[in-house]
Amino acid sequence: MNSTREVDVVVVGAGQAGLSAAYHLRRTGSQPGRDFVVLDRSPGPGGAWQFRWPSLTYGKVHGMHALPGMELTGADPARPSSEVVGAYFAAYERAFDLRVRRPVHVRAVREGAGGRLLVETSDGAWSTRALINATGTWDRPFWPRYPGQETFRGRQLHTAQYAGPQEFAGQRVVVVGGGASGTQHLLELAPYAAATTWVTRRPPVFREGPFDEDAGRAAVALVEERVRQGLPPRSVVSVTGLPLNDAVRRGLEDGTLDRQPMFDRITPDGVEWRDGRHVPADVILWATGFRAALDHLAPLRLREPGGGIRVEGTRAVADPRIHLVGYGPSASTIGANRAGRAAVRDLRRLLAAQPAVAA
């Protein structure tokens with residue numbers, strides 16, 4: 001007996017981008033379970049937000065846009081963002097009857113029978129005419145490699161493992177990374193730590209004044225051009241600079257945000273530069289970002305020689321059945337909303353032009 005289930009569209013991931021896509025599928029008349037299915041690896045609703053550190057309260061979150069069709073209202077700014085957004089996503093899934101299946105790990109997507117795709121998961125297989133990939137980046141934290149790293153006697157952790165500032169009390173901490181997470185972690189843990197050192201590969205760029213619509217479009221265009229060329233995307237945040245808010249101003253004034261160039265090697269008790277300067281450390285915190293979680297798409301051979309997947313809009317150029325949302329230029333909450341709508345619109349045209357073929 002063939003246990004493979006058939007749908008028109010499989011959505012992989014139930015973060016902002018995946019839920020947006022599912023919402024727009026429902027808007028076009030598709031029924032969950034019959035016409036499409038949403039598969040999510042996480043244990044509960046909330047996408048990557050459910051894993052954020054407890055001290056990241058909702059009031060500290062920048063640029064959280066509501067999902068389409070339902071506003072997030074009345075949230076307590078002092079409540080952890082993981083709780084606020086997790087509850088909001090759960091309510092959203094119920095309100096639009098999206099029937100997300102979780103926890104389901106998508107292991108591989110490969111060619112199936114009759115021009116369909118075969119999605120192999122921890123919960124069995126699905127045969128689908130198209131796939132919307134919304135897996136984000138949280139499952140792929142990026143750990144740089146430096147000489148001597150394996151000799152370090154202290155603790156090394158990534159942003160993905162950060163639980164809050166109290167765990168660094170009395171310790172000497174090196175924070176690596178010039179993005180929003182790096183500065184947030186540094187400002188938060190500095191009052192607890194015995195000493196902090198901030199290192200980045202490039203000098204940080206601080207953005208003063210409002211980030212208007214024109215600046216946003218320009219930043220997205222830079223990221224979009226990379227994915228058109230088949231290069232690995234940079235985040236939209238990486239090209240916008242760091243907002244110069246009151247907390248950052250204080251950090252610059254009191255020396256907490258005294259940026260140092262990247263060290264050259266790691267020693268058993270700290271980090272060292274080529275000129276011989278050495279900083280002792282008990283902890284190295286790698287706030288070095290994430291990479292797109294796309295290993296399950298490897299059997300389709302979508303990657304270009306440059307290392308990325310070439311995308312036009314949300315459509316993979318090498319295979320129009322595959323759409324990537326929350327990838328590259330749509331890797332922001334507002335971008336994910338728009339990408340979900342665009343992917344569904346494009347796939348509707350594709351599916352209407354092609355007769356359905358059973359697996």
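The values are calculated or read from the model by the stated rules, or taken from the named source; none is laboratory data. Everything quoted here is computed from the prediction, not taken from an experiment. Every residue, glycine among them, receives a Cβ derived from its backbone with ideal geometry; neighbour counts consider all protein chains shown.
Here's the yes/no breakdown for (1) of a type in the set (D, E, K, R); (2) closer than 25 Å to Arg345 by Cβ; (3) in contact with a strand residue (DSSP E or B) (Cβ under 6 Å, 6 or more places away or on another chain); (4) not in a loop (DSSP other than H, G, I, E, B):
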| position | (1), (2), (3), (4) |
| --- | --- |
| Ala75 | no, no, no, no |
| Ala78 | no, no, yes, no |
| Ser82 | no, no, no, yes |
| Tyr92 | no, yes, no, yes |
| Arg99 | yes, yes, yes, no |
| Val104 | no, no, yes, no |
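Take the residues in segment 42-75 that are under 18 Å from Ala293 (Cβ atoms) and in contact (Cβ under 8 Å) with a residue 60 or more places away in the chain, then tell me which one is surrounded by the most Cβ atoms within 10 Å (Cβ to Cβ).
Residue satisfying both the conditions and the ranking: Gly47.
Give the residue, chosen from Ala336, Ala343, that is at pLDDT 90 or above, assigned to a helix (DSSP H, G or I) and either within 20 Å of the chain's Cα centre (by Cα) or not assigned by TED's automatic domain parsing to the domain that holds Ser127 (or both).
So the residue among Ala336, Ala343 that is at pLDDT 90 or above, assigned to a helix (DSSP H, G or I) and either within 20 Å of the chain's Cα centre (by Cα) or not assigned by TED's automatic domain parsing to the domain that holds Ser127 (or both) is Ala343.
Looking only at segment 280-315, which residues are at positive phi and touching a Phe, Trp or Tyr at 6+ places or on another chain (Cβ under 8 Å)?
Result: Gly289, single match.
In segment 169-183, which residues are surrounded by fewer than 22 Cβ atoms within 10 Å (Cβ to Cβ) and either under 21 Å from Pro141 (Cα atoms) or of a type in the set (Asp, Glu) (or both)? Reasoning before the result, please.
First, the residues of segment 169-183 that are surrounded by fewer than 22 Cβ atoms within 10 Å (Cβ to Cβ): 169-172, 179-180.
Gly179, Ala180 - these are the residues of segment 169-183 that are surrounded by fewer than 22 Cβ atoms within 10 Å (Cβ to Cβ) and either under 21 Å from Pro141 (Cα atoms) or of a type in the set (Asp, Glu) (or both).
I need a count of the residues in segment 303-315 that are surrounded by fewer than 21 Cβ atoms within 10 Å (Cβ to Cβ) and in contact with a strand residue (DSSP E or B) (Cβ under 9 Å, 6 or more places away or on another chain). Before you say what the answer is, go through the steps one by one.
We begin by selecting, within segment 303-315, every residue surrounded by fewer than 21 Cβ atoms within 10 Å (Cβ to Cβ); these are 303-307, 310, 312-313, 315.
Right, trim to in contact with a strand residue (DSSP E or B) (Cβ under 9 Å, 6 or more places away or on another chain) and you get 303, 310, 313, 315.
Count: 4.
Count, please, the residues in segment 11-33 that happen to be assigned to a strand (DSSP E or B) and either over 13 Å from Val325 (Cα atoms) or modelled with pLDDT under 95 (or both).
Residues in segment 11-33 being assigned to a strand (DSSP E or B) and either over 13 Å from Val325 (Cα atoms) or modelled with pLDDT under 95 (or both): 1 in total.
Just wondering, is there one or more residues in segment 110-122 that are in contact (Cβ under 8 Å) with a residue 60 or more places away in the chain, at negative phi, outside the structural domain of Asp282 (by TED's automatic domain parsing) and touching a Pro at 6+ places or on another chain (Cβ under 8 Å)?
Checked segment 110-122: at least one residue is in contact (Cβ under 8 Å) with a residue 60 or more places away in the chain, at negative phi, outside the structural domain of Asp282 (by TED's automatic domain parsing) and touching a Pro at 6+ places or on another chain (Cβ under 8 Å).
Would you say Ala130 is in contact with a helix residue (DSSP H, G or I) (Cβ under 6 Å, 6 or more places away or on another chain) and in contact (Cβ under 8 Å) with a residue 40 or more places away in the chain?
So Ala130 passes the test.
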